1. Just give me the residues in the range 178-196 being modelled with pLDDT of 90 or more and in contact with a helix residue (DSSP H, G or I) (Cβ under 8 Å, 6 or more places away or on another chain), in sequence order.
2. Across the range 1-54, which residue is farthest from L117 (Cα to Cα) among those that are among the small types (G, A, S) and touching a residue at least 60 places away in the same chain (Cβ under 8 Å)?
3. May I ask you to say which residue of K45, K23 is more than 18 Å from the chain's Cα centre (by Cα) and surrounded by fewer than 15 Cβ atoms within 10 Å (Cβ to Cβ)?
4. Check off (1) surrounded by 20 or more Cβ atoms within 10 Å (Cβ to Cβ); (2) closer than 23 Å to E172 by Cα for K115 and give me the number that stays unchecked.
5. Assess whether T100 counts as being at pLDDT below 90 and crowded, with 17+ Cβ neighbours inside 10 Å.
6. Which number in (1) of a type outside the set (K, R); (2) out of contact with any Ser or Thr (no Cβ under 8 Å at 6 or more places or on another chain); (3) in contact (Cβ under 8 Å) with a residue 12 or more places away in the chain marks the one condition that D156 misses?
7. For the range 41-84, what are the residues that are touching a helix residue (DSSP H, G or I) at 6+ places or on another chain (Cβ under 9 Å), among the β-branched types (V, I, T) and not in a helix (DSSP H, G or I)?
8. Which number in (1) touching a Pro at 6+ places or on another chain (Cβ under 9 Å); (2) buried (at least 17 other Cβ atoms within 10 Å of the Cβ); (3) in contact (Cβ under 8 Å) with a residue 40 or more places away in the chain marks the one condition that S59 misses?
Amino acid sequence: MVNLIFVGPQGSGKGTQAKIIAKKLGIAHISTGDLLRASTGKLKKLADSYIHKGNLVPSKVIIEILKQRIKNPDCKNGSILDGFPRTLEQAEDLEKIAKTDLILEINISDKTAIKRLKGRWNCKKCNIAYNIVTCPKPKKIDVCDVCGLKLHQREDDVNEDAIKKRLKIYHEDTKPMLKKYPYVKINGEQSIEKITRDILDELEKLKK
């Protein structure tokens, strides 16, 4: 069993890599967004009470939802957490319910992050994220390849000041966590295939 955490600045491609690596290793890929959307019952109502007001869901609520999620059969061989924890405090809360073998930081410069985020387009229906800078690129700049509906850009992806604010929060909140837990830094300014190979190489070292 291996339990991993993928972190990285916005636009680093950590979600893409988490999906690829999870499939190759036969372990669960758990993103914070998917986790909250899939929650049920009282925890779902509690999480929605924060989301609908535009507030962040407290880490204690996410931990409770995660505690239920990791009991699922697809987590028996391990999991990759994508988007949580983001802070040292959240990592300490996570430590109470699950052991983390390694944190992988997919690192890119702020300049690259801004360029990639400005090129990101999303399909609300298919939940596909396209990118005209990296991959996958849509055949038409503002149309989904799958359903043909018009793509949209998040308001905070086209606002450079908003992007810089998000990056500042990442650097200030996540770096302390990386100093405390075992982690490796992966160069995220390479091809998707090369990043995947680098991650797999690092994971091989865990077996030794």
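1. Answer for the range 178-196, where residues must be modelled with pLDDT of 90 or more and in contact with a helix residue (DSSP H, G or I) (Cβ under 8 Å, 6 or more places away or on another chain): V184, I186, N187, G188, E189, Q190, I192, I195, T196.
2. So the first thing to find is which residues in the range 1-54 are among the small types (G, A, S), and the list is 8, 11-13, 15, 18, 22, 26, 28, 31, 33, 38-39, 41, 47, 49, 54.
Remaining after also requiring touching a residue at least 60 places away in the same chain (Cβ under 8 Å): 8, 11-13, 15, 18.
Working: G8: 13, G11: 6, S12: 9, G13: 10, G15: 14, A18: 18 Å.
So, considering only residues that are among the small types (G, A, S) and touching a residue at least 60 places away in the same chain (Cβ under 8 Å), the one farthest from L117 (Cα to Cα) is A18.
3. Numbers: K23 fails: more than 18 Å from the chain's Cα centre (by Cα).
On inspection, the qualifying residue turns out to be K45.
4. (1)
5. no
6. Among (1) of a type outside the set (K, R); (2) out of contact with any Ser or Thr (no Cβ under 8 Å at 6 or more places or on another chain); (3) in contact (Cβ under 8 Å) with a residue 12 or more places away in the chain, D156 violates only (3).
7. Matches in the range 41-84: V57, I80.
8. (3)
The values are calculated or read from the model by the stated rules, or taken from the named source; none is laboratory data. Remember, it's a predicted structure, so these values are computed and weren't measured experimentally. Note that we place each Cβ from the backbone using ideal geometry, even for glycine, and neighbour counts take in every protein chain shown.
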